[in-house]
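The values are calculated or read from the model by the stated rules, or taken from the named source; none is laboratory data. Being a predicted model, the structure only gives us computed values, none of them experimental. Please note: Cβ atoms are built from the backbone with ideal geometry, for glycine as well, and neighbour counts cover all protein chains shown.
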Amino acid sequence: MTATGHTPPRRGTRKSTLVQLRRVLSVLAWLHAHPDATLMTTADRFGVSVPQLTEELTRVQESGLPGLLPGSLVDLTVTGARVTLNDTLGLDRPLALTETEAGTLELNLEKLASILADGERADADAAAARLRSLVRFHGDSGGTGGFAPDLPAGPGAGVLAALRGAVASRRWVRFSYLSVSSDSLTTREIIPDQVSVLDGVGYLWGRTDADQSADDQRCFAMTRMDAVEILDRTAPAALPREIDAEDPFGFRTAEQWAELELTEEAMWMLEYLPVWHVEGTTRVEIPDTGTWLERFILAYAPEITGVVPDALAERVRERSAVALAAYRRLA
């Protein structure tokens, strides 16, 4: 029996897990609002014992993003009777969609509806319509409308709706773009053909010339865009792109390939990078995209123990030598 008089669900059941999850999220929000609260006060507030609360707070520190990189896990400190929240990764905020997240979800629902059979499309259409009505209510009323405020973010945040509008209205777009391959910031003017969201990241496929075909389309990540403008310039008809969920960027058609030997700790790359695992080994195959791959190997050098072919390894050594020489000149 809990302090509130309710019988708690049996441990290990799905209901018990949901209760714990809700409690931990509420505890994080409570501690954020009451930074001076003690463990005893917090435990009493949520009707659990101090040892149980401590155990649940310890578990939540294993939550976060894969990779075990700095800043990827929830970070809190229990010192004596107090808890200090260092980085909650947003788990101390209300569980509500931001407007950007709502737009992303609506886009995915529309994409899902487009590939479902007629008899299966009703639920997806209904969910998308409901989401659109909530977004309109939010904009018309000036209230929260069930949405959390968009958080400040880097380039690309908040551009999803603008780009979707450009695709729908057939207008050219202009934006600043940070290229990873060349490490340069340039201004692009693009015919927008398609907007898609893959693994939570928005992408724009488009062309630089009306005479180009779908094969000439370039892909731009919204997270690397800034200063997005919809131009008063009519764009030609869109050229929709068929996206392979297993290989959305067409890496499998690359002509040049490399093979990397990874440490066991680096196998998380299989989930996040365009690599193909060599069965039964710690080796992966990856398209040789030129300077991007060279910089990638340098960035993760401690976790990459072998590079094939030798020509790629030599390119990486040369790039490393140039970088070291630049450091020496600065010193």
Pair list, Cβ under 9 Å, 6 or more apart: the range 305-331 residue under 20 Å from Thr289 (Cα atoms), other residue among the hydroxyl-bearing types (Ser, Thr, Tyr) and surrounded by 10 or more Cβ atoms within 10 Å (Cβ to Cβ): Thr305/Thr263; Thr305/Thr282; Arg315/Thr291; Arg319/Thr291
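Residues checked against (1) hydroxyl-bearing (Ser, Thr, Tyr); (2) outside the structural domain of Leu112 (by TED's automatic domain parsing); (3) modelled with pLDDT of 85 or more:
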| residue | (1), (2), (3) |
| --- | --- |
| Ser179 | yes, yes, no |
| Ser182 | yes, yes, no |
| Ser196 | yes, yes, no |
| Arg207 | no, yes, yes |
| Asp215 | no, yes, no |
| Cys219 | no, yes, yes |
| Glu229 | no, yes, yes |
Sole residue being modelled with pLDDT under 85, within 25 Å of Asp215 (Cβ to Cβ), of a type outside the set (Asp, Glu) and assigned to a loop (DSSP other than H, G, I, E, B), chosen from Pro248, Pro236: Pro248
Glu259 being in the same structural domain as Val173 (by TED's automatic domain parsing), modelled with pLDDT of 90 or more and either assigned to a loop (DSSP other than H, G, I, E, B) or touching a strand residue (DSSP E or B) at 6+ places or on another chain (Cβ under 9 Å) (or both): no
Qualifying residue in the range 144-165 (condition: modelled with pLDDT under 90, exposed (fewer than 15 other Cβ atoms within 10 Å of the Cβ), of a type in the set (Ser, Thr, Tyr) and farther than 20 Å from Thr104 by Cβ): no
Filter pass, Ala323 being outside the structural domain of Ser179 (by TED's automatic domain parsing) and at pLDDT 85 or above: no
Members of the range 249-299 found to be of a type in the set (D, E, K, R) and in contact with a Gly (Cβ under 7 Å, 6 or more places away or on another chain), listed by number: Glu261
The lone exception for Met267 - which of (1) modelled with pLDDT under 85; (2) exposed (fewer than 12 other Cβ atoms within 10 Å of the Cβ); (3) within 30 Å of Asp310 (Cα to Cα) it fails: (2)
